[in-house]
Amino acid sequence: METIDTKTGILTINLAELGRNWRRLKSRMNFADCGASIKADAYGLGGDKAIVKLCKMGCKEFFVALVDEGISLRKALQRKSLDANIHVLGGPMNISETLVEYNLIPVLNSLQDMQYWKKKHPQALADVHIDTGMSRLGLSPNDVQLLRTESEKIKGLNICFVMSHLACSEDANAEMNTKQLRSFRDALSIFPNCKASLANSSGIFLGDKYHFDLARPGASLYGVNPTPGKFNPMSGVIRLQGKILQVREINAPQTVGYGATFQAKKKLKLATVGVGYADGYLRSLSNKGVGYINEIPVPLVGRVSMDLITFDVSEISEQLAYPGGLIDLIGPNNPIDDIAISADTIGYEILTSLGSRYDRIYIDDL
Ligand SMILES: *Cc1c(COP(=O)(O)O)cnc(C)c1O
């Protein structure tokens, strides 16, 4: 009987590995607590599933970018009768009632934010973000200077964490790290007895000095290497498999795909797979990507189309390369970081680009 199987890509997300990665990061820190950045739907892997899993593991501080993300994650927790702090990085302006309604903690990114929040919700928790070098959000060095003399601007705020964000943490030798650490410590001196948070994934690997009270890892939880160029201490969390739609033979001088960018020099066997750039299989992987069939690498030939890619499976037997068969696109043999290098991007973009057309399968221990 034919199975009703409408998808041409299978994305398997291993929540047990996600949990193990979180525990691994936590155990690297002697005193600091370990939170989790689960913005952008947990980097594309599914925020609802991620927050429930990590909350059950003991994670208590979650970070999102938008209030909408916070609302949907709050609801996901409530459905499982779970509770945790959810921090909204984007600030409180014009959404303060919603933040309070859903028990979300805003990150205050300016003196105006601080004043606004204090006036609107004097008792409600908030974080204060110090800009130590990103120049995106957060109190500027001038703002910090001003607060030294006008400390009444801080009084009346119920501060959860004072935080900042590192620009170059993946490079352990970058001078920027020590510079930002110094600025952050300097700013902390005007927030006595407040808890502090600085490190993202890679920041955790810069050592104790960078840990403060709470780390906010994201990418590493999902398997991206926080120490690029060195051994990846994290486990892969996702496996992406594409389904073979057709296997065909071509001969020289036939070409493959848009732009005819690949030309056969001899007889080849090709497998056409139903995944493309609309699914987040980046077009920059044209003529560069590699798939795996049973641990055997198969090169991607031609351009990545919207819904299709083609692999040279000349070396693969008919028992392994057949219509309906699967090719590993992301997995132990082709980890996110390797794909990112081929695609001239970072693992973060590979993850957050993963499309909505996959059959998403969540697995866990037990
Ligand atoms: C995204 C983000 C993080 C997590 O960074 P990773 O490099 O993914 O670990 C931490 N803090 C802030 C402010 C962020 O925006």
(request) Assess whether ARG248 counts as being in contact with a Gly (Cβ under 6 Å, 6 or more places away or on another chain), assigned to a strand (DSSP E or B) and modelled with pLDDT of 95 or more. (result) no
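Return the residues of the stretch 28-44 that are in contact with a strand residue (DSSP E or B) (Cβ under 7 Å, 6 or more places away or on another chain), more than 9 Å from the ligand (Cβ to nearest atom) and farther than 16 Å from MET234 by Cα; say none if nothing qualifies.
From the stretch 28-44, those in contact with a strand residue (DSSP E or B) (Cβ under 7 Å, 6 or more places away or on another chain) are 29, 32-39; that's our starting set.
Next, from what is left, pick out any that are more than 9 Å from the ligand (Cβ to nearest atom): 29, 32-34, 38.
Of everything in the stretch 28-44, those that are in contact with a strand residue (DSSP E or B) (Cβ under 7 Å, 6 or more places away or on another chain), more than 9 Å from the ligand (Cβ to nearest atom) and farther than 16 Å from MET234 by Cα turn out to be ALA32, ASP33, ILE38.
Looking only at the stretch 260-277, which residues are of a type outside the set (Val, Ile, Thr), under 13 Å from ARG303 (Cα atoms) and open to solvent by 20 Å² or more (accessible area, probe 1.4 Å)? Can you show your working first?
Of the stretch 260-277, the ones of a type outside the set (Val, Ile, Thr) are 260, 262-271, 274, 276-277.
Filter once more, so that each one left must be under 13 Å from ARG303 (Cα atoms): 260, 262-263, 276-277.
Matches in the stretch 260-277: ALA260, PHE262, GLN263, TYR277.
If the requirement is being farther than 26 Å from ILE13 by Cβ and touching a residue at least 60 places away in the same chain (Cβ under 8 Å), which of these qualifies: VAL256, VAL247? Before the answer, list the steps.
Details: VAL256 fails: touching a residue at least 60 places away in the same chain (Cβ under 8 Å).
Exactly one residue qualifies, and that residue is VAL247.
From the list ALA84, ALA50, ALA76, which one is within 15 Å of the ligand (Cβ to nearest atom) and either on the phi > 0 side of the Ramachandran plot or small (Gly, Ala, Ser) (or both)? Break it down into steps so the answer makes sense when it comes.
Working: ALA84 fails: within 15 Å of the ligand (Cβ to nearest atom); ALA76 fails: within 15 Å of the ligand (Cβ to nearest atom).
The conditions single out ALA50.
It is to be established whether one or more residues within the stretch 300-311 are surrounded by 14 or more Cβ atoms within 10 Å (Cβ to Cβ), over 22 Å from LYS7 (Cβ atoms) and basic (Lys, Arg). First the steps, then the outcome.
If we filter the stretch 300-311 for residues that are surrounded by 14 or more Cβ atoms within 10 Å (Cβ to Cβ), which is where we start, we get 300-305, 307-311.
When the remaining residues are screened for being over 22 Å from LYS7 (Cβ atoms), the result is 301-303.
Among the residues that remain, those that are also basic (Lys, Arg) are: 303.
Scanning the stretch 300-311, I find at least one residue that is surrounded by 14 or more Cβ atoms within 10 Å (Cβ to Cβ), over 22 Å from LYS7 (Cβ atoms) and basic (Lys, Arg), so the answer is yes.
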(request) Need at least 3 residues that are open to solvent by less than 10 Å² (accessible area, probe 1.4 Å) and in contact with a Ser or Thr (Cβ under 9 Å, 6 or more places away or on another chain) per element, so show me which strands (runs of 3 or more DSSP E) inside the stretch 30-149 make the cut, counting only ones lying wholly within it. (result) 61-64
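Mind telling me which of the residues ASP328, ASP312, ASP337, ASP307 ends up being in contact (Cβ under 8 Å) with a residue 12 or more places away in the chain, touching a Phe, Trp or Tyr at 6+ places or on another chain (Cβ under 6 Å) and among the acidic types (Asp, Glu)? Before you say what the answer is, go through the steps one by one.
Details: ASP312 fails: touching a Phe, Trp or Tyr at 6+ places or on another chain (Cβ under 6 Å); ASP337 fails: touching a Phe, Trp or Tyr at 6+ places or on another chain (Cβ under 6 Å); ASP307 fails: touching a Phe, Trp or Tyr at 6+ places or on another chain (Cβ under 6 Å).
Exactly one of ASP328, ASP312, ASP337, ASP307 is in contact (Cβ under 8 Å) with a residue 12 or more places away in the chain, touching a Phe, Trp or Tyr at 6+ places or on another chain (Cβ under 6 Å) and among the acidic types (Asp, Glu), namely ASP328.
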(request) Would you confirm whether any residue within the stretch 197-217 is in contact (Cβ under 8 Å) with a residue 60 or more places away in the chain, among the hydroxyl-bearing types (Ser, Thr, Tyr), open to solvent by less than 30 Å² (accessible area, probe 1.4 Å) and within 11 Å of the ligand (Cβ to nearest atom)? (result) yes
(request) Find the residue count for the stretch 330-347, including only residues that are open to solvent by 80 Å² or more (accessible area, probe 1.4 Å) and under 14 Å from the mean Cα position of the chain (by Cα). (result) 1
(message) Scan the stretch 177-190 and tell me whether some residue there is more than 30 Å from TYR292 (Cα to Cα) and assigned to a loop (DSSP other than H, G, I, E, B).
(response) yes
(request) Read through the list (1) small (Gly, Ala, Ser); (2) touching a residue at least 60 places away in the same chain (Cβ under 8 Å); (3) assigned to a strand (DSSP E or B), then give the number of the only condition that GLY236 fails. (result) (3)
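Just to check your reading of the model, which residue among LEU146, LEU157, LEU166 is among the aliphatic types (A, V, I, L, M) and within 29 Å of the chain's Cα centre (by Cα)?
Values: LEU146 fails: within 29 Å of the chain's Cα centre (by Cα); LEU157 fails: within 29 Å of the chain's Cα centre (by Cα).
None of the others qualify; the one that does is LEU166.
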(message) Checking the structure you have, find out if any residue of the stretch 224-236 is open to solvent by 10 Å² or more (accessible area, probe 1.4 Å), more than 28 Å from GLY302 (Cβ to Cβ), touching a Phe, Trp or Tyr at 6+ places or on another chain (Cβ under 7 Å) and not polar (S, T, N, Q).
(response) no
(request) Report yes if ALA16 is assigned to a helix (DSSP H, G or I) and under 17 Å from ARG216 (Cβ atoms), otherwise no. (result) no
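Please verify whether SER189 is among the hydroxyl-bearing types (Ser, Thr, Tyr) and surrounded by 21 or more Cβ atoms within 10 Å (Cβ to Cβ), treating the condition exactly as stated. Let's see the steps before the verdict.
Details: among the hydroxyl-bearing types (Ser, Thr, Tyr): yes; surrounded by 21 or more Cβ atoms within 10 Å (Cβ to Cβ): no.
Criteria not met by SER189.
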(request) Only residues that are of a type in the set (Ser, Thr, Tyr) and over 21 Å from the mean Cα position of the chain (by Cα): list them for the stretch 278-295, please. (result) SER286, TYR292
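For the stretch 237-252, which residues satisfy the criterion of being aliphatic (A, V, I, L, M) and crowded, with 19+ Cβ neighbours inside 10 Å?
Let us first name the residues in the stretch 237-252 that are aliphatic (A, V, I, L, M), namely 237-238, 240, 244-245, 247, 250, 252.
Once the filter is applied, which keeps residues that are aliphatic (A, V, I, L, M) and crowded, with 19+ Cβ neighbours inside 10 Å, the stretch 237-252 yields VAL237, ILE238, LEU240, ILE244, ILE250.
Looking only at residues in the stretch 150-172 that are of a type in the set (Asp, Glu) and farther than 21 Å from TYR116 by Cβ, which one is surrounded by the fewest Cβ atoms within 10 Å (Cβ to Cβ)? Give the derivation first.
The initial filter retains those residues of the stretch 150-172 that are of a type in the set (Asp, Glu), namely 150, 152, 170-171.
Checking the rest, the ones that are also farther than 21 Å from TYR116 by Cβ come to 170-171.
Details: GLU170: 22, ASP171: 15.
Among those that are of a type in the set (Asp, Glu) and farther than 21 Å from TYR116 by Cβ, it is ASP171.
The values are calculated or read from the model by the stated rules, or taken from the named source; none is laboratory data. What you see is a predicted model, and the numbers here were worked out from it, not measured in a lab. Ideal geometry is used to build each Cβ from the backbone, glycine not excepted, and the neighbour counts take in all protein chains shown. Only protein heavy atoms, including side chains, enter the accessible area calculation; ligands, DNA and RNA are left aside. Shrake-Rupley method; radii C 1.70, N 1.55, O 1.52, S 1.80 Å.
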